[in-house]
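The values are calculated or read from the model by the stated rules, or taken from the named source; none is laboratory data. Predicted model only: the values in this text are computed from it and were never measured. Backbone-built Cβ (ideal geometry, glycine too); neighbour counts: all protein chains shown.
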Amino acid sequence: MQETFQVRHETWSSGYKFILATIGAAIGLANIWRFPYVTGTSGGSTFVLTYIVVSLLFVMPIIIAELVIGRYSGQSMIGSMRKAATDHGASPRWSLVGYLGLSAMTLIQFFYFVIAGWVLYYFFLSVSAGFSDIDAQSSSAMFDALKQDPYALVICQTSLIVITGFIIARGVRRGVEKSVSWLMPVLFISLILFVFYGIYLGTIKEAALFLFSFDYKKLNFEVIQLAMGQAFFSIGAGAGFIMTYGAYLKKEVSIPKSALIIITADVGAALLAGLAVYSIVFAFRMPVDSGPGLIFVALPVAFGQMQFGPVFGVMFFGALLAAVIPTLISGYEQVVCWLIELNIGSRAKVSVLLGFLVWLGGLPAILSFNHWSGIHLFDYIPFLKGKNIFELYEIVAVVLLLPICGLAIAVFCGWLIPDKTCQGELGASNGFIYVLWKFSLKFVAPLCMLIILFVNIINIL
């Protein structure tokens, strides 16, 4: 297959639609599911405030760098890295970063569609049967039963692949833009209603103190590195979809302003989710450190006990679904963008092709919870002993490839892309803000990425 990278891609109809799509892609399960439970197990408010600072000082510079590279080149992550490198006298081998990012995103889709399937299942469960008269034990058994049922998991995964593929096949404006134009309002309105419900329950103050009352005694290296990891992974820095979305961005749209809005909305969604979830947690006296089971085990118990619980159950899992779909779209679009550049077919054709690949790659992840739960391919490697296929996907993509890509993008844009090009894309002069961004990109962001990568490797050893 010949890589031409000469395709003229469709552009966003406006800066607002670009921001909406990128916010939707960034939020996902990392903010609505992972943020609340990591907060509960990682120091509460100390973790939250560290996460906010890190998002602004470390993650935002990488986001701006991805948008600069993407808009300058106007191609997929692979094409953008190659063009930006060759245009500025660097080796075309920098496109390897694009291949790593694309590989990571493909692996992520293999297991992320499975997790998103859990959300879809619980949404329909909340609509059809609800969560009346369940306790913690039966709720846990219900979640375990879902993971043990490969047919239910395949149906949910396949449904989401079909929905996502259909949206992508319609194009950037008719598909991606139209979908996020109603999904994002649904998400934020739902979260705000839950916050008001927390006020009604009388536990919003308790939730706010838990999230925002800083306790310096809890600040340690573990909390800092967890906050860096959450900030990095929640926004998707280094994954490449932001670079791809940047390739569709018109020149008149301000990259710095867009990046600030995206970061603010991403952090805002996480905080709203935290307030919503912990208002319920404190109202029903559930443990704050419930971990990953907080959403799928603990909250259904609360929905079964609270007044208007069936309504709030539908609203919550509907909001979670509204957060998941734009993330699925962004990863799918990133790969489709590259496939289109290979000139192997129309957008519709490559969308179907990718859908089949993601479906096929997701089957081992699904079977890892049931029929293949005892299959551990790399037991002969000590640090991979006991890891199933689902966990292997996650280790390769999230633990290793994404931090490497984030590090490479920071170094590439910080050290190899000249100021003239960066300032041209940013519409900035050599002022204080620009110098601060370059300094963070050259030194702060790479250091943070190295810390994340080092900690990740230590944790799997």
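Of the residues that sit in segment 1-48 and are modelled with pLDDT under 90 and among the aliphatic types (A, V, I, L, M), which one is surrounded by the most Cβ atoms within 10 Å (Cβ to Cβ)?
Per the criteria, the residue is 32.
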From 101, 44, 24, grab the single residue that is over 30 Å from residue 213 (Cα atoms), out of contact with any Lys or Arg (no Cβ under 6 Å at 6 or more places or on another chain) and not acidic (Asp, Glu). 101
Does residue 422 satisfy the condition of being over 21 Å from residue 252 (Cβ atoms), surrounded by 14 or more Cβ atoms within 10 Å (Cβ to Cβ) and not small (Gly, Ala, Ser)? no
Taking the condition of being part of a loop (DSSP other than H, G, I, E, B) and surrounded by 17 or more Cβ atoms within 10 Å (Cβ to Cβ), how many residues in segment 243-273 meet it? 3
Residue 130 passes all but one of the listed conditions (1) surrounded by 15 or more Cβ atoms within 10 Å (Cβ to Cβ); (2) under 25 Å from the mean Cα position of the chain (by Cα); the exception is number (2)
Selection from segment 110-136 of residues assigned to a helix (DSSP H, G or I) and small (Gly, Ala, Ser) yields 116, 117, 126, 128, 136
Where residues in segment 133-168 are small (Gly, Ala, Ser) and buried (at least 19 other Cβ atoms within 10 Å of the Cβ), which of them is nearest to residue 329 (Cα to Cα)? 165
Taking only segment 50-99 into account, find how many residues are surrounded by fewer than 24 Cβ atoms within 10 Å (Cβ to Cβ), in contact (Cβ under 8 Å) with a residue 24 or more places away in the chain and not in a helix (DSSP H, G or I). 3
Under 9 Å by Cβ, and 6 or more places apart or on different chains, what pairs join a residue from segment 108-127 that is more than 19 Å from residue 297 (Cβ to Cβ) with one that is not in a helix (DSSP H, G or I)? 108/239; 111/368
Within the group 417, 451, which residue is surrounded by fewer than 20 Cβ atoms within 10 Å (Cβ to Cβ) and not polar (S, T, N, Q)? 451
Selection count where residues are at pLDDT below 95 and closer than 15 Å to residue 364 by Cα, scope segment 130-158: 0
Count - residues of segment 178-190 that are more than 18 Å from the chain's Cα centre (by Cα) and either surrounded by 21 or more Cβ atoms within 10 Å (Cβ to Cβ) or over 30 Å from residue 306 (Cβ atoms) (or both): 3
